[in-house]
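For reference, the structure discussed in these notes is given below.
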């Protein structure tokens, strides 16, 4: 039997020392409180592990889900009766559009 790297003879020695230091009346109380602390630690550890697994699964679903491409349609610009739209192309093929309003004189 090997718990935390401590064998059976070492565990027996620790128990005897604890009995001598704390006495037979205090030892059961210490054992109970130590057991409760270990149980609380185990529960917290399991809860953390389950939350971690849930989050990892959620992230994996997001990563494995194919991306949906959405094209945004530009909003149409309202042109007044006195405006004209001009477009010009640059050297790299990008089209620049410009709305020019004509003033009524």
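Derivation of every value follows stated rules applied to the coordinates shown; laboratory data play no part. Keep in mind that what you see is a predicted model, and the values were worked out from it rather than measured. Virtual Cβ from ideal backbone geometry, glycine too; neighbours counted across all protein chains shown.
Determine, for 67, 15, the number of other Cβ atoms within 10 Å of each Cβ, and report the residues in order from fewest to most.
Details: 67 5, 15 12.
Fewest to most other Cβ atoms nearby, the residues stand as 67, 15.
Assuming R0 = 41 Å, can you tell me the calculated FRET efficiency for the pair residue 55 and residue 4, based on Cβ-Cβ distance, to the nearest 0.05?
Details: r = 30 Å, r/R0 = 0.73.
Computed FRET efficiency for residue 55 and residue 4 comes out at 0.85.
Dimensions of the range 1-75 based on its C-alpha atoms, expressed as ranges along the principal axes with the largest first, amount to 85, 25, 13 Å.
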